[in-house]
Amino acid sequence: MSELDWGAAARGITWDVEPRTVFEGGRWFPDGRLNTCFNALDRHADGGRGEQAALIYDSPVTGVKRTYTYSALREEVARAAGMLRDLGVGKGDTVVIYMPMVPEAVIAMLACARLGAVHSVVFGGFAAAELAARIDHARPKVVLSASCGIEVSRVVPYKPLLDAALAHAAHRPEAVVIVQRPEHPAELREGERDWAGFDAEPAGCVSVAATDPLYILYTSGTTGAPKGVLRDNGGHAVALHWSMSQVYGAAPGEVFWAASDVGWVVGHSYIVYGPLLAGCTSVLYEGKPVGTPDPGAFWRVVAEHDVRTLFTAPTAIRAIKKEDPTGSYLRKHDLRHLFLAGERLDPDTYHWASELLDVPVIDHWWQTETGWPVAANCVGIETLPIKPGSPTKPVPGYDVRVLDPAGVECPPGVEGAVVIKLPLPPGCLPSLYRDDERFHAAYLSRFPGYYLTGDGGYFDEDGYLFVMGRTDDVINVAGHRLSTGAMEEVIAGHPDVAECAVIGVADALKGQLPLGLVVLKAGVDRPEREVEAELVAMVRERIGPVAAFRRAVVVARLPKTRSGKILRSTMRAIAAGDDYRTPSTIEDPAALEEIAEAIGG
């Protein structure tokens, strides 16, 4: 999209001061002013959608369901903003939000936006040391938290984690407010406040510059300090509003469900801001794909709340497929599209979901840093033929290229580094919070004039993009650079395989050899060695002897983050015998011990 097109897209937003300049000095809409909360709530509440559902809270772990209309949600947010105002929070101040998937998390985010304050949501249940690092970096005036989170079969007390983080952190917030949950109320210390105890006067919307920050979202790796991805107000509102109709095909009044967590970028963009900016109804789901109570949980939510668009991660669909391979839990539904992102969508999972749901399954690709899709089948513009394994083509606004190590564009079919030619479109990070130097070093220095995504991939003859995984997921076997993603694609096609990961392990002769770690579908009753032998043969046949794929190991589960991403780099460290740090985002640290035992065996 050109500047002219983005200027037209900006008219979908209500501005306090309309921007006369679309792009200048590396920033979008630099002379515009607006309030993101006004655009997400007030304009709908006052514009005929006041009694329409804005947010549906569905919590199978507590048995609670609650619906907020646009008018009711605005009232809750205005009072929460009044609470923050009375605690001294104003425009430009930061607020850390450390909460589970409860309505107060959404209300807190929007309340910050209402005041022009900057929120930093930390995934609920993060370890104390990780929370402390984020508190020290964000320097919040106030911390908002909850007494506990609730997993499938256990309660996770948050207050002890918060207390430990505050004891460890050098920065001292001026106030701490706790949402008390009946499942595990917390003991409040002197000076700490109960969210329910406030009765503040509602706060109005504060006008901010389009280039003022809306939020900081920290990304965490296995090493180093977390990176604070910065999002501005104006470009973010324009891009997300545009994406809801053009990428996802969602219309005002429809129910849109991003089955993610507000602690991740998907939750920020497509639980909170995107659907509300577009006048849709968003679902806030406190549960899991399986186990709350069964593999039909997603299909219940879709049917019960008349969800038209579902967005989740491939790992969620694989978890459902593993427990219910025949789809016996599916309910009658009016779903129009299933969108998947967060990791590579293997063709087997694509075909399973497509045949089960009988709706288009749309793979799309983006990052925390971009905030919205880079490549997708934009169903609101024109639905293109689907190619399994590809997120289709770059979304308008993104000039995606594939470069070789010398910075030369790769021809079709040849893998290289996936980059985006500058400038990045609205909504993408303008920098890292308080770390411009790291921003340039991490993203802009490798190929001047381009943003480095860190992913490898290729374009095919039809201009379809294939993202094969992080560039560090390429292994070197006897001088041949091979994509572990391509091997995973082959393995995932085996009828007994639920999910898999391929990692490179050191080999004295060939440099590296691939190792496949495989989880079988529920109900598979065959000798594991038999399946392993078939997988070796499949990779040899599809990729060739050059892959030197000789070992597949069946495991009970793969170690993942709470957002469902497989921890490949940590598994590589385990396989190499290197020291590693258990990632703060891991769902269950015991899974790493199981992998170490399996690899060692």
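The values are calculated or read from the model by the stated rules, or taken from the named source; none is laboratory data. Worth saying up front: this structure is predicted, and the values here are computed from it rather than measured. As a convention, Cβ positions derive from the backbone with ideal geometry for all residues, glycine included, and neighbour counts pool all protein chains shown. Accessible surface is based on the protein model in full, side chains and every heavy atom, while ligands, DNA and RNA are left aside. Shrake-Rupley method; radii C 1.70, N 1.55, O 1.52, S 1.80 Å.
For the chain, the dipole from Cβ point charges (+1 on Lys and Arg, -1 on Asp and Glu) about the Cα centre works out to 360 debye, to the nearest 20. Modelled this way, with points 7 Å down the Cα-to-C-beta line, the labels at Thr326 and Asp199 are 5.9 nm from one another. Before anything else, pin down the relative contact order of the chain: Cα pairs under 8 Å, at least 6 apart, normalised by residue count, whole percent. 11 percent. Taking every alpha-carbon pair in the stretch 444-601 and binning the separations at 5 Å intervals from zero gives 1, 8, 17, 20, 21, 16, 10, 5, 2, 0, 0 percent. When the P(r) of the stretch 172-222 is calculated, the portion above 15 Å amounts to 71% of the C-alpha pairs.
For the stretch 62-220, the C-alpha radius of gyration divided by 2.2 N^0.38 Å, with N the number of residues, is 0.99.
Inter-label distance, Arg43 to Ala590: 5.0 nm, where each label sits 7 Å from its Cα along the C-beta direction. With Cα atoms as the point set, the stretch 243-285 shows a radius of gyration and Dmax of 9.2, 25 Å. Taking 20 Å as the cut-off, the amide N atoms of the stretch 309-329 that come nearer than this to a point 7 Å along the Cα-to-beta-carbon line of Asp525 belong to 322-328. Please work out the FRET efficiency for the pair Ala167 and Glu18, using the Cβ-Cβ distance as r and a Förster radius of 60 Å; give the result to the nearest 0.05. Once rounded, the FRET efficiency stands at 0.80. Per residue, the average separation of C-alpha pairs within less than 8 Å and at least 6 apart gives the stretch 321-385 a relative contact order of 26 percent. Averaged over its residues, the stretch 206-306 has an accessible area of 21 Å² per residue, based on protein heavy atoms and a 1.4 Å probe. Label reach from Arg446 (point 7 Å along Cα→C-beta): in the stretch 386-415, amide nitrogens under 20 Å belong to 391, 394-395, 398-415.
Each 5 Å bin from zero up to the one holding the largest Cα-Cα distance in the stretch 244-388 carries the following percent of pairs: 2, 10, 21, 25, 23, 14, 5, 0. For the stretch 403-523, the alpha carbon convex hull comes to 178 Å³ per residue, rounded to a whole number. For the stretch 489-601, a simple Cβ point-charge model (Lys and Arg +1, Asp and Glu -1, everything else neutral) yields a dipole of about 340 debye relative to the Cα centre. For the pair Ala576 and Asp436, a Förster radius of 56 Å applied to the C-beta separation gives a FRET efficiency near 0.95, rounded to the nearest 0.05.
Cα centroids of the stretch 123-170 and the stretch 330-358: 35 Å apart. Scattering from the C-alpha atoms of the chain alone, worked out with Debye: what is log10 I(q)/I(0) at q = 0.06, 0.09, 0.12 1/Å? After summing over all Cα pairs, the log10 values are -0.30, -0.69, -1.29. Rolling a 1.4 angstrom probe over the stretch 279-369 with all protein chains present gives an accessible area of which 48% lies on carbon and sulfur atoms.
Cross-link partners for Lys141 among the lysines, with Cα-Cα distance under 25 Å and sequence neighbours closer than 8 places in the same chain left out: Lys91, Lys159, Lys227.
Overall, the accessible surface of the stretch 36-97 at a probe of 1.4 angstrom is composed of carbon and sulfur to the extent of 44 percent. Using the alpha-carbon positions of the stretch 504-585, Rg (one decimal) and Dmax (whole number) come out as 14.4, 39 Å. Each principal axis of the stretch 550-601 carries a Cα extent, and these read 30, 23, 17 Å when sorted largest first. Pairwise alpha-carbon distances in the stretch 183-299 exceed 22 Å for 57% of all pairs. The distance between label points at Ser153 and Asp306 comes to 3.8 nm (points 7 Å beyond Cα on the Cα→Cβ vector).
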